[in-house]
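The block underneath contains the structure these notes are about, expressed in structure tokens.
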Amino acid sequence: MRWVLTLLSLVFASGAGAQTISGRVYDQTGAVVSGARVVLLEDFNKITETKSGEKGEFSFRQLKPGTYQVQVKQPRFQIFQQLMSLEENQNAQVYAVLNVARAETEVT
């Protein structure tokens, strides 16, 4: 009986820190954006980054509870930013919609 309790405590302990932030990247027409740079910041410091996959998907796993900022960057698009707080055993979804950057033209 004691080994069963020990095993159960190990299983539940391994779940700690299992928070996840995942999502998809789209453009303003609803098309997925693959290859976008997705950066995760905590306290305004970059902690990791990834690229959106073929279907625009990305994921950050094994996060501790806290406040995070997700930034999505892609050439010719405005930077997408979202701030979120994760509680214990909470998963968050981000639907990043990138808007086309305005072209600035100067006529002389």
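The values are calculated or read from the model by the stated rules, or taken from the named source; none is laboratory data. Remember, predicted model here, so these are calculated numbers, not experimental data. Using ideal geometry, Cβ is built from the backbone for each residue, glycine included, and neighbour counts are taken over all protein chains shown. What goes into the accessible areas is simple: the full protein's heavy atoms, side chains included, and nothing from ligands, DNA or RNA. Shrake-Rupley method; radii C 1.70, N 1.55, O 1.52, S 1.80 Å.
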TODO: Please list, ordered by first then second residue, the pairs with beta carbon atoms under 7 Å, 6 or more apart or interchain, first in the stretch 66-90 and within 16 Å of Ser22 (Cβ to Cβ) and in contact (Cβ under 8 Å) with a residue 24 or more places away in the chain, second assigned to a strand (DSSP E or B) and charged (D, E, K, R).
DONE: Tyr68/Glu42
Open item on the list: So if I check each of Asn99, Asn89, which one is modelled with pLDDT of 95 or more, out of contact with any strand residue (DSSP E or B) (no Cβ under 6 Å at 6 or more places or on another chain) and surrounded by fewer than 13 Cβ atoms within 10 Å (Cβ to Cβ)?
Closed with: Asn99
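Among the residues of the stretch 56-86, what is the count of those that are outside any strand (DSSP E or B) and either surrounded by fewer than 11 Cβ atoms within 10 Å (Cβ to Cβ) or of a type in the set (A, V, I, L, M) (or both)? Walk me through how you get there before you give the answer.
Residues of the stretch 56-86 outside any strand (DSSP E or B): 56, 64-65, 74-76, 78-79.
Next cut, either surrounded by fewer than 11 Cβ atoms within 10 Å (Cβ to Cβ) or of a type in the set (A, V, I, L, M) (or both) only: 75-76, 79.
Summing the residues that are outside any strand (DSSP E or B) and either surrounded by fewer than 11 Cβ atoms within 10 Å (Cβ to Cβ) or of a type in the set (A, V, I, L, M) (or both) in the stretch 56-86 gives 3.
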Task: Evaluation of Ser34 against (1) in a strand (DSSP E or B); (2) at pLDDT 95 or above; (3) open to solvent by 40 Å² or more (accessible area, probe 1.4 Å) (one fails), failing number - done: (1)
TODO: Quick one: Glu49 ticks every box in (1) within 20 Å of Gly30 (Cβ to Cβ); (2) open to solvent by 60 Å² or more (accessible area, probe 1.4 Å); (3) not basic (Lys, Arg) except a single one, so which number is it?
DONE: (1)
Task: Residues located in the stretch 31-56, provided they are more than 10 Å from the chain's Cα centre (by Cα) and of a type in the set (A, V, I, L, M, F, W, C) - done: Ala31, Val32, Val33, Ala36, Phe44, Ile47
